[in-house]
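Engineer: This structure is in structure tokens; I'll ask about it shortly.
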Protein chains: 2
Amino acid sequence: MAKDFPTRSENYSEWYNELVYRADLAENSAVRGCMVIKPYGYAIWEKMQQQLDKMFKDTGHVNAYFPLFIPKSFLSKEAAHVEGFAKECAVITHYRLKNSDDGKSVIVDPEAKLEEELIVRPTSETIIWSTYKNWIQSYRDLPLLINQWANVVRWEMRTRLFLRTAEFLWQEGHTAHATADEAIAETEQMLDVYAEFAEKFMAVPVIKGIKTPNERFAGAVETYCIEALMQDGKALQAGTSHFLGQNFAKAFDVRFTNKQGTMEHVWATSWGVSTRLMGALVMAHSDDDGLVLPPKLAPIQVVIVPIYKSEEQLKQLDEYANNIKSSLMKKGISVKYDNRDTQKPGWKFSEYEMKGVPVRLAIGPRDMENQTVELARRDTKEKTTYQAVDIDLKIEHLLEQIQDNLYKKALDLRSESTHHANSIEEFNDILNNKGGFVFAHWDGTAETEQAIKEETKATIRCIPLNNKLEEGKCILTGKPSKQKVMFARAY
Amino acid sequence: MAKDFPTRSENYSEWYNELVYRADLAENSAVRGCMVIKPYGYAIWEKMQQQLDKMFKDTGHVNAYFPLFIPKSFLSKEAAHVEGFAKECAVITHYRLKNSDDGKSVIVDPEAKLEEELIVRPTSETIIWSTYKNWIQSYRDLPLLINQWANVVRWEMRTRLFLRTAEFLWQEGHTAHATADEAIAETEQMLDVYAEFAEKFMAVPVIKGIKTPNERFAGAVETYCIEALMQDGKALQAGTSHFLGQNFAKAFDVRFTNKQGTMEHVWATSWGVSTRLMGALVMAHSDDDGLVLPPKLAPIQVVIVPIYKSEEQLKQLDEYANNIKSSLMKKGISVKYDNRDTQKPGWKFSEYEMKGVPVRLAIGPRDMENQTVELARRDTKEKTTYQAVDIDLKIEHLLEQIQDNLYKKALDLRSESTHHANSIEEFNDILNNKGGFVFAHWDGTAETEQAIKEETKATIRCIPLNNKLEEGKCILTGKPSKQKVMFARAY
């Protein structure tokens, strides 16, 4: 591992890549664009999953599992959907290999060609709605509130760990409703669930809004999203919730008999978040010494490191440390006591700093004598000597403080980085010199949106919900506008 | 849904298929050989996952995630492995679709051909050991104890829901060790974990043993397994744990510096259980009225059904039922109160019988008056009137009894169905008229094993651990044998 770890200001992009690697979160695999999620990274993802899964179940959803493969013809059934998803995908054409004639390798058996190619799911609307056709006959079968935890594949050309990978892990909710209003309420409810998760668990403030038609999910009537701001001033879309209207129900002919006895097409939503959240989590809080994790998602919340000179000292410290450890564990705090003798305390300090453990306790013979511990906060780097008495209560409280502090810090950064531009010059100036979210008037056309993107590399991240209506002029065309929309350069 | 539900004795195979469908566990999808796991089936799988995951973590393992795809050349690196797994698999040859010339459909873009084909993982030894090469340098990096929850694909020609599907869900553990002894101890430990899970949670007794070379995992030095007996007298392999020796370490050149400073190849294990366990669970306990679930894996442990004539009665019953429900929930028992007015009580009784809910409580106005409930056990069909006082304690105890009873019943069946044969005639007679496990002498050669299989359709399920050594003569060839081995016809 190289010694030099670039700072954020030196090279933000390189800092991110190195951090993901050094904190043992993930690495590139032998398969182009596919990542290996390492145990420490996966442990964070598991904490995210558990919390999200609970929130989905609390809002009435159940999990199920649908096939990995999608018949090619299914993708074509919804016109906008195929445009968006059929292009870059993994295509299965054969189902058998055989030994080569020279016996030295295996080759694709030309005899084993599929009649119809299969696509590795890039998203599951089509296979799921083809299934729902058999599950829905009457209004009594509705709503259908189903979620799936799965892997999906999109053949991305330029990939980055967590942020954009060919294969990624995600959840996708697919719900069916009797009315448009109910489906819209579900779409909005799930957006709120995502926003609550981002803010309360990831400690990442988000803007809730709707996408412009240009940026809509392929096949949706309306795409809602949560947008987060990273430390380099770029935006990251952290989750989307789509109102699909009757598009997929029509494509797969899914109809139900309503209470009045007439047949209608079903209304749909879909919503998802992915391992991309890991990228957002890393970039939102981490610093030049490594990862910074909010306590609620930290696999290890407290690490205890003994400082000792002799084996005998270590033995005494073991007992002292284990008492502290068990009192913390009783509070439901996850603790690691690292008394390995293969590494020096200094090495351990850097290691747990790099891995973003929120609280570090160092204990030496003097601490034991005085019944104290030296506590270091990962977020502020503050070191304080604490009395060991009631240490469980103190740390429980401190973890909440750290969680709040990370959110507040991220929120402050976002406030400082939110700007308003009244001209394209001002707009460009902000993007080039400050970055962040830029609110500006836009004439509402796809052409202007595209022209601004080409000129400035910024896209409309969303039209925030409950946006302030105000008359103005489009920064590019000068045409009238009824509200500012939120632009940013984005991941 | 067809009215006629075949009994086990009429048509066991059809009974199984219908049961999986009627109990809402799973169904076939639009993709050949791939299943849809429905919410109720998935809820059972989630309970299995949670328990297994806990047992893996309690034995020191961590989760990670490796790519879905495997470069074709990787499969060829381990000679036995490629023979076993390269043949029937999903092959990705292209990474893009495009519009057809007539614009009416999408076709595979011939320009987007992969240089090297990718295989959808049938199992992950190769991709994981190619990764471990970078993770392991020294004995300090060992042992590496990693598990993955994932989907895998094997292009099976004849598929059956849960038992044999093209795509299935599973976990695969892949561990790396400094010594053969350590790796063997790990292999045996995980076999014990699987056996404990099968017996204590699934209530399915299993025989632990080792496979003959013929039946070994492709690439293993030794394959350990647990074998369960289904109600129709056929065996089902419920889990395997493999000692892989240094085969994969050699194939991918994974070496480490030992404590003495010399380089050695690493020792490996892998072990897995899959959604096939769902098939075992269904077939082990269920009866002619539907699914029977052990309480520890039942998504709903207790269902309460109100019997009423008027809305007013229902209102009163709601209160009575909800009090019982909340007292049960406080004990950690999962309860559903089904007061839907769209279905009659009789319909509900059949429905929850079909779905295998262990305990049903029926309550009517008379029960409320007398402070009683009518309780029906799913396993024995016994109905008893219970006093409502301390109902939580009574049901908590009853659920344990049901769990034990299911295990005992399955164990009794297995004891009755375990036979010894001293000649091929006796062997055939038992298989054709009784089924079950048949212990018989075998001369130890692959040829004889194959000949017996061809003649009788029975395979050697395993050589049980701690098998009794006894001199005898092979039932087919008459050649000397040192022990009987366990045969059966199998799923």
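The values are calculated or read from the model by the stated rules, or taken from the named source; none is laboratory data. Just so we're clear, the structure is a prediction, and the values are computed from it rather than from any experiment. Glycine also receives a Cβ, built like all others from the backbone with ideal geometry; neighbour counts cover every protein chain displayed.
Engineer: Filter the strands (runs of 3 or more DSSP E) completely within segment B:241-348 down to those with at least 1 residues that are in contact (Cβ under 8 Å) with a residue 40 or more places away in the chain, more than 33 Å from the chain's Cα centre (by Cα) and over 30 Å from B:Ser124 (Cα atoms).
Structural biologist: Working: elements: B:255-257, B:263-265, B:267-274, B:302-306, B:335-337.
Answer list for segment B:241-348: B:302-306.
Engineer: Of all residues in segment A:147-170 being within 13 Å of another protein chain (Cβ to nearest Cβ) and in contact with a Gly (Cβ under 7 Å, 6 or more places away or on another chain), which is modelled with the lowest pLDDT?
Structural biologist: Filtering segment A:147-170 for residues within 13 Å of another protein chain (Cβ to nearest Cβ) gives A:147-157, A:159, A:161-162, A:165-170.
With the extra rule that they be in contact with a Gly (Cβ under 7 Å, 6 or more places away or on another chain), the set shrinks to A:147, A:156, A:159, A:162, A:165-166, A:170.
Numbers: A:Asn147: 98, A:Glu156: 87, A:Thr159: 93, A:Phe162: 98, A:Thr165: 97, A:Ala166: 97, A:Trp170: 98.
So the residue we want is A:Glu156.
Engineer: If you don't mind, another one. Report the residue count in segment B:211-229 for those that are more than 25 Å from B:Ala86 (Cβ to Cβ) and either surrounded by fewer than 24 Cβ atoms within 10 Å (Cβ to Cβ) or among the acidic types (Asp, Glu) (or both). It would help to see each step written out before you state the result.
Structural biologist: Initial filter on segment B:211-229 (more than 25 Å from B:Ala86 (Cβ to Cβ)): B:226-229.
Still in the running and either surrounded by fewer than 24 Cβ atoms within 10 Å (Cβ to Cβ) or among the acidic types (Asp, Glu) (or both): B:227.
So the count comes out to 1.
Engineer: Among the numbered criteria (1) part of a loop (DSSP other than H, G, I, E, B); (2) touching a Gly at 6+ places or on another chain (Cβ under 7 Å); (3) of a type in the set (A, V, I, L, M, F, W, C), which one does B:Ala30 miss?
Structural biologist: Just one mismatch for B:Ala30, condition (2).
Engineer: Something else now. Of all residues in segment B:450-462, how many are over 13 Å from B:Phe427 (Cβ atoms) and touching a Phe, Trp or Tyr at 6+ places or on another chain (Cβ under 9 Å)? Reasoning before the result, please.
Structural biologist: Just the residues of segment B:450-462 that are over 13 Å from B:Phe427 (Cβ atoms), to begin with: B:450, B:454, B:461-462.
Still in the list and also touching a Phe, Trp or Tyr at 6+ places or on another chain (Cβ under 9 Å): B:461-462.
The total comes to 2.
Engineer: Got a number for residues in segment B:98-130 being hydroxyl-bearing (Ser, Thr, Tyr) and either closer than 20 Å to A:Leu75 by Cβ or more than 10 Å from every other protein chain (Cβ to nearest Cβ) (or both)?
Structural biologist: To start, the set of residues in segment B:98-130 that are hydroxyl-bearing (Ser, Thr, Tyr) comprises B:100, B:105, B:123-124, B:126, B:130.
Filter once more, so that each one left must be either closer than 20 Å to A:Leu75 by Cβ or more than 10 Å from every other protein chain (Cβ to nearest Cβ) (or both): B:100, B:105, B:123-124.
Going through segment B:98-130 one residue at a time, the tally reaches 4.
Engineer: Further, regarding this structure: Hey, does segment B:5-16 have a residue that's buried (at least 17 other Cβ atoms within 10 Å of the Cβ), assigned to a helix (DSSP H, G or I) and in contact with a helix residue (DSSP H, G or I) (Cβ under 7 Å, 6 or more places away or on another chain)?
Structural biologist: Yes, segment B:5-16 contains a residue that is buried (at least 17 other Cβ atoms within 10 Å of the Cβ), assigned to a helix (DSSP H, G or I) and in contact with a helix residue (DSSP H, G or I) (Cβ under 7 Å, 6 or more places away or on another chain).
Engineer: Examine segment B:46-54 for a residue that is surrounded by 20 or more Cβ atoms within 10 Å (Cβ to Cβ), assigned to a loop (DSSP other than H, G, I, E, B) and on the phi < 0 side of the Ramachandran plot, and state whether such a residue exists. Reasoning before the result, please.
Structural biologist: If we filter segment B:46-54 for residues that are surrounded by 20 or more Cβ atoms within 10 Å (Cβ to Cβ), which is where we start, we get B:48, B:52.
Those still in the list that are assigned to a loop (DSSP other than H, G, I, E, B) too: none.
Scanning segment B:46-54, I find no residue that is surrounded by 20 or more Cβ atoms within 10 Å (Cβ to Cβ), assigned to a loop (DSSP other than H, G, I, E, B) and on the phi < 0 side of the Ramachandran plot, so the answer is no.
Engineer: Here is a further query. Can you list residue pairs whose Cβ atoms sit under 7 Å apart, with the first residue in segment B:29-54 being over 15 Å from B:Gly356 (Cβ atoms) and more than 7 Å from chain A (Cβ to nearest Cβ) and the second being among the β-branched types (Val, Ile, Thr) and in a loop (DSSP other than H, G, I, E, B)? Count only pairs 6 or more apart in sequence or on different chains.
Structural biologist: B:Gly33/B:Thr159; B:Gly33/B:Thr165; B:Met35/B:Thr165
Engineer: Within segment A:214-236, does at least one residue satisfy the condition of being in the same structural domain as A:Ser73 (by TED's automatic domain parsing), assigned to a helix (DSSP H, G or I) and modelled with pLDDT of 95 or more? Walk me through it before giving the result.
Structural biologist: Narrowing segment A:214-236 to residues in the same structural domain as A:Ser73 (by TED's automatic domain parsing): A:214-236.
Add one more test, that the residue is assigned to a helix (DSSP H, G or I), and what stays is A:214-215.
Adding the requirement that they be modelled with pLDDT of 95 or more leaves none.
Checked against the condition, which is being in the same structural domain as A:Ser73 (by TED's automatic domain parsing), assigned to a helix (DSSP H, G or I) and modelled with pLDDT of 95 or more, segment A:214-236 yields no hits at all.
Engineer: Can you tell me which condition B:Val373 does not meet? The list is (1) more than 30 Å from B:Gln450 (Cβ to Cβ); (2) of a type outside the set (Gly, Ala, Ser); (3) in a helix (DSSP H, G or I), and all the others hold.
Structural biologist: Result: B:Val373 passes all but (3).
Engineer: Related question: Given (1) surrounded by 22 or more Cβ atoms within 10 Å (Cβ to Cβ); (2) without any contact (Cβ under 8 Å) to a residue 60 or more places away in the chain; (3) among the acidic types (Asp, Glu), where does B:Glu111 come up short, assuming only one miss?
Structural biologist: (1)
Engineer: In segment B:78-111, which residues are aliphatic (A, V, I, L, M) and in a strand (DSSP E or B)? Spell out the reasoning first.
Structural biologist: Within segment B:78-111, the first condition is being aliphatic (A, V, I, L, M), and the residues that meet it are B:79-80, B:82, B:86, B:90-92, B:97, B:106-108.
Listed by number, the residues that qualify are B:Ala90, B:Val91, B:Ile92, B:Leu97, B:Val106, B:Ile107, B:Val108.
Engineer: Related question: Could you name every one of the strands (runs of 3 or more DSSP E) located completely within segment A:431-491 that has at least 1 residues being outside the structural domain of A:Pro213 (by TED's automatic domain parsing) and farther than 16 Å from A:Ile207 by Cα? Break it down stepwise before answering.
Structural biologist: Working: elements: A:437-441, A:459-464, A:469-473, A:480-488.
Answer list for segment A:431-491: A:437-441, A:469-473, A:480-488.
Engineer: Could you grab the pairs with beta carbons closer than 7 Å, sequence gap of 6+ or different chains, first residue in segment A:391-412 and within 10 Å of A:Asp379 (Cα to Cα), second one in a helix (DSSP H, G or I) and basic (Lys, Arg)?
Structural biologist: These pairs meet every condition: A:Gln403/A:Lys296.
Engineer: Can you find, within segment A:119-157, the residue that is surrounded by the fewest Cβ atoms within 10 Å (Cβ to Cβ) among those that are of a type outside the set (A, V, I, L, M) and within 17 Å of B:Phe69 (Cα to Cα)?
Structural biologist: This residue is A:Glu156.
Engineer: Among residues belonging to segment B:55-77 that are touching a Ser or Thr at 6+ places or on another chain (Cβ under 8 Å) and either assigned to a strand (DSSP E or B) or more than 10 Å from chain A (Cβ to nearest Cβ) (or both), point out the one that is modelled with the lowest pLDDT.
Structural biologist: B:Lys77
Engineer: (1) in contact with a helix residue (DSSP H, G or I) (Cβ under 8 Å, 6 or more places away or on another chain); (2) in the same structural domain as B:Leu163 (by TED's automatic domain parsing); (3) more than 28 Å from B:Lys211 (Cβ to Cβ): which one isn't true of B:Ile307, the others all being true?
Structural biologist: Status for B:Ile307: all satisfied but (2).
Engineer: Out of the residues in segment B:78-97 that are more than 7 Å from every other protein chain (Cβ to nearest Cβ) and crowded, with 19+ Cβ neighbours inside 10 Å, state the one that is farthest from B:Ser124 (Cα to Cα). Step through it out loud before you land on a result.
Structural biologist: At the first step, the residues of segment B:78-97 found to be more than 7 Å from every other protein chain (Cβ to nearest Cβ) are B:78-81, B:83-85.
From what is left, the residues that are crowded, with 19+ Cβ neighbours inside 10 Å are B:78, B:81, B:85.
On the way: B:Glu78: 12, B:His81: 11, B:Phe85: 11 Å.
Only one residue tops the list, namely B:Glu78.
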